[in-house]
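Have a look at the structure below, then the notes.
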Amino acid sequence: MTSEQLFSQIRSKRSFLCVGLDTDVNKIPRHLLSQDDPVFAFNRAIVDATAPYAVCYKPNMAFYEESGAKGWESFRRTVGYIRERYPDMLIIADAKRGDIGNTSKMYARA
């Protein structure tokens, strides 16, 4: 995505909203836990609910890495869904470590 494309999204939506996809498995609503991939199901619901207002999505990589291969698959499906359904949406990988309370705890356990 070019800066002009991003600015176009900001102007048309009249928004600067960047939605963090910091999907903590322990906080997913119960009704989604029966899905094959609850993280993806939750992310998809968040993306669909916020797409009219958001100009980008920012998945926090630590949450996906914590679940190993299954987490990487949830990440891949989430990014693929956003790209397919909302092709003009910017996606930013949040790859910081230990910057917020819950990711600090993740890496303290390692």
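Structure summary
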| quantity | calculated |
| --- | --- |
| Computed [θ] at 222 nm, helices only, for the chain once each DSSP H run of length n ≥ 4 contributes -39500 (n - 2.57) | -15500 deg cm²/dmol |
| Phi to ³J(HN,Hα) by Karplus 6.51 cos²θ - 1.76 cosθ + 1.60 over the stretch 86-98, Hz, x for Gly, Pro | 10, x, 8, 8, 7, 10, 10, 7, 8, 10, 5, 10, x |
| Extent along principal axes [Cα atoms of the chain; Å; largest to smallest] | 42, 31, 20 |
| Long-range HN-HN contacts of Lys58 with modeled amide H, under 5 Å | Val19, Gly20, Leu21, Ile92 |
| Inter-probe distance in nm under a simple model that places probes 7 Å from Cα toward Cβ, at Ala49 and Tyr81 | 1.3 nm |
| Among Ser34, Ser15, Ser74, residue whose mean-square fluctuation peaks in a GNM of the chain (springs only between Cα atoms under 10 Å) | Ser34 |
| Label point distance in nm, Asp88-Ile10, each placed 7 Å from Cα along Cα→Cβ | 1.6 nm |
| Electrostatic dipole magnitude of the chain [Cβ: Lys, Arg +1; Asp, Glu -1; Cα centre; debye, to 20] | 180 debye |
| Overall dimensions of the stretch 12-66 by Cα: Rg and Dmax, Å | 12.2, 37 |
| DSSP-assigned coil residues among trypsin sites (Lys or Arg not before Pro) in the stretch 9-62, each with at most 11 further Cβ atoms within 10 Å | Arg14 |
| Pairwise centroid distance, computed over Cα atoms, of the stretch 1-67 with the stretch 78-100, Å | 7 Å |
| Distance in nm between pseudo-label sites at Glu73 and Leu32 (7 Å out along the Cβ direction from Cα) | 1.8 nm |
| Karplus 3J(HN,Hα) series, Hz, for the stretch 19-25 with 6.51 cos²θ - 1.76 cosθ + 1.60 (x for Gly, Pro) | 9, x, 9, 9, 7, 7, 4 |
| Under 15 Å, Cβ to Cβ, from Ile10 - net charge with Lys/Arg +1 and Asp/Glu -1 | +1 |
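A short reminder: the numbers here are calculations on the coordinates, not readings from a lab. None of the values given here were measured: they were computed from a predicted structure. Glycine gets a Cβ as well: all are built from the backbone with ideal geometry, and neighbour counts include every protein chain shown.
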